[in-house]
1. Multiply the residue separation of residue 132 and residue 47 by 0.36 nm, subtract the distance between their alpha-carbon atoms, and state the gained length in nm to one decimal.
2. Normalising by the residue count of segment 234-293, find the relative contact order in percent from Cα pairs under 8 Å and 6+ residues apart.
3. Compute the Cα gyration tensor for segment 98-180, then decide on rounded, prolate or oblate, letting a ≥ b ≥ c be the square roots of its eigenvalues: rounded whenever a/c is under 1.5, prolate when a/b is larger than b/c in the other cases, and oblate in all that remain.
4. For a footprinting-style exposure proxy, rank 276, 200 by other Cβ within 10 Å, fewest first.
5. Taking 0.36 nm per intervening residue step and subtracting the Cα-Cα distance, what contour gain separates residue 119 from residue 285 on full extension?
6. What number, in percent, do you get for the relative contact order of segment 22-204 if the mean sequence gap of Cα pairs under 8 Å and at least 6 apart is divided by its residue count?
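The numbers here are math on the coordinates, done by the rules we state, and not lab data. Not measured: the values here are computed from a predicted model. No Cβ is skipped: glycine too gets one built from the backbone with ideal geometry, and neighbour counts run over all protein chains shown.
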């Protein structure tokens, strides 16, 4: 028979079969767990920089965004550091606003953490030296949280007060950003943010940590007494935002604060994330449908 055969339709395969990159919202639970490890490791690393006692570190919810959103949230200017992970040099970004840097710098020279008014146009050289030490502390703590080894070794690449000049990665890249608040005794709290591009997150979270083997025995489990009826307070964190002190001090009735809503709402017990879910409604009541449980 003559004639041409009709074109074969393109095959469609499930993401699980072909190993395609997961969606950015699918990485929120794993990044939340990584953040909890980082919170435990970072205080000792920061104490080595300041020479004082280990501070208390708190971490917010991962928020999906892009570079333009990070730039839009900065009130003045900021120190942006591009870090690289592993032999491939996978990028991630740290951001610390200029007033925070200058406050830490003043304290490093024996001051009370005063911020000059007006702000200088550029950060002084001494601030660059302080930021270099902070970058090393963050790299060390994050590398340890990831499990160590050459594949997870992080190093600083370059720094700039302009995201446009730094050009850390494609501005269209999907990111997950987490904010960390640092509280030191007798001093004003300060904060910084970490932003992870989707390809970097995929590599970071590709190999889940190995679970420890359960021991055989007659120990009571969570469904057995005396644990079964033990009350626990479970908190659903719908909104977690970081505002500069000047913005908080200027709040007035009628002000509108735009708040980023995470696609995956974490459920926490005693500050530790035990599950994530999405917000919905059941019988005219707000409800959370569990998507991931740990």
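1. Length gained between residue 132 and residue 47: 29.1 nm.
2. 28
3. Note, shape of segment 98-180 comes out oblate.
4. Arranged by neighbour count, lowest to highest, 276, 200 become 200, 276.
5. Going from the current span to full extension adds 54.9 nm.
6. 33
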